[in-house]
Amino acid sequence: MSWWRGWRDRIETDAPLGARTWYRIGGRAKWLAHPSDAESLSRLMSAVAAEGVPWRVLGRGANVLVRDEGFDGVVIVLDAPAFTKMTFEDVSVCVGGGADLMKLCKACCDRGLSGLEGLAAIPASVGGAVRMNAGGRYGEFGDRVRSISVVETGGALRDLSREDVGFGYRTWGLGRAIVTEVVMDLVRDDPVRVRGRFKEYWRLKRATQPVGERSAGCVFKNPPGASAGRMIDEAGLKGERCGGAQVSPRHANFIVASADARASDVLALAQRVRDRVRERFGVELEQEMEVW
Ligand SMILES: Cc1cc2nc3c(=O)[nH]c(=O)nc-3n(C[C@H](O)[C@H](O)[C@H](O)COP(=O)(O)OP(=O)(O)OC[C@H]3O[C@@H](n4cnc5c(N)ncnc54)[C@H](O)[C@@H]3O)c2cc1C
């Protein structure tokens, strides 16, 4: 009998994962689960915990590199309508953990709700944006969060305030909880001005980062008081190649991949970057990109 017996929602076996990530490379998942709502996800997590099945939750795959061997466990995707809905009420929005961040930003622009413009051109699901506290110099996702709902490892459903989340630099304090819903507080403004700022941040990001290419965004976190990209550049690594992977000539903290790249090319190049920065600056770079 399979571990998910009795679970009524869709589960795929031997499912390709690469195409579900921004890199579009990497192997398959042993199982790919599509829960229909938070209660179904809770039941799935109970079964996973009871059987000790390895698991991951995947958003837009914009911060993940899947190994060529794939993932020997269950990958959960929140693509059911219950996880992608957005409900606006005055200056607040309640949005599902599987909703697309750019769709949310654009819906806010249309309604003249300000607060998310600084996240323009960051590929993410809402859940992934909470988990990573996605953002940059123009703001972070956590800045606007009032509360979130999660399913914990083991299956418990919980509602948490912003303070409980423990947002930090590209991280949070909730370990492996799964975000199912988020409530955000925004600020009323003129839609033309909100959209204008959103477009300007989008333009600035495109001018400095390889936004349209296959990558997982910044590979390394910035060390305290320093820029990982500048260090990689000063170590002479801009444009460095390994197989189909290349340190982006536009932004040295991005490793971009060609269509024929393998995940192992990206991993080998990331290791070379880490080694050279350590040799040159005596600094151990911490990886921001997740490897599954
Ligand atoms: C071109 C490009 C530009 C980028 N620019 C930026 C930037 O400016 N700033 C920035 O911060 N990041 C940036 N990134 C990285 C990426 O966009 C963020 O890390 C984003 O938050 C990832 O969201 P995701 O839904 O794709 O998460 P995934 O990559 O799918 O997953 C990332 C992590 O979040 C977890 N996760 C996913 N969904 C959930 C959920 N519902 N509940 C709990 N955990 C979940 C995953 O298990 C994993 O641990 C960039 C990436 C690319 C490709």
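Assorted remarks:
- Taking only Cα atoms of segment 1-157, radius of gyration then Dmax in Å: 16.4, 53
- For A29, the residues 5 or more places off, or on other chains, whose built amide H falls under 5 Å of its own are A15, L17, F71.
- Each Lys or Arg adds one and each Asp or Glu subtracts one; over the other residues with Cβ under 15 Å from the Cβ of G52, this totals +1.
- Here the label points at D90 and V192, each 7 Å from Cα along the C-beta direction, are separated by 2.7 nm in the simple model.
- Length released on extending from E69 to A156, taking residue separation times 0.36 nm less the Cα-Cα span: 28.2 nm
- Proximal charge balance of P210 [Cβ under 13 Å; K/R count +1, D/E count -1]: +4
- Here the Kirkwood formula puts the hydrodynamic radius of segment 82-208 at 14.6 Å, using every distinct Cα pair.
- The residues packed around G243, meaning those with a beta-carbon under 12 Å from its beta-carbon, carry a net charge of -1 if Lys and Arg are +1 and Asp and Glu are -1.
- Extension gain, D37 to T13: 0.36 nm times the residue separation minus the Cα-Cα distance gives 6.6 nm.
- Per DSSP, loop trypsin sites (Lys or Arg not before Pro) in segment 1-81 with at most 16 further Cβ within 10 Å: R5, R8, R24
- From its DSSP helices (H runs of at least four residues, each -39,500 (n - 2.57)), the chain gives a residue-normalised ellipticity at 222 nm of -8500 deg cm²/dmol.
- Two-site label geometry, E286 and D79: point separation in nm, points 7 Å out along Cα→Cβ: 3.3
- As a size descriptor, the averaged projected area of the C-alpha convex hull of the chain was calculated at 15.2 nm².
- Segment 1-73 and segment 200-270: distance between their alpha carbon centers, rounded to Å: 27
Any read-out appearing in this document is the output of simple, stated calculations on the displayed coordinates, not a laboratory observation. No experiment lies behind these values; they were computed from the predicted model shown. We place every Cβ from the backbone using ideal geometry, glycine too, and count neighbours over all the protein chains shown.
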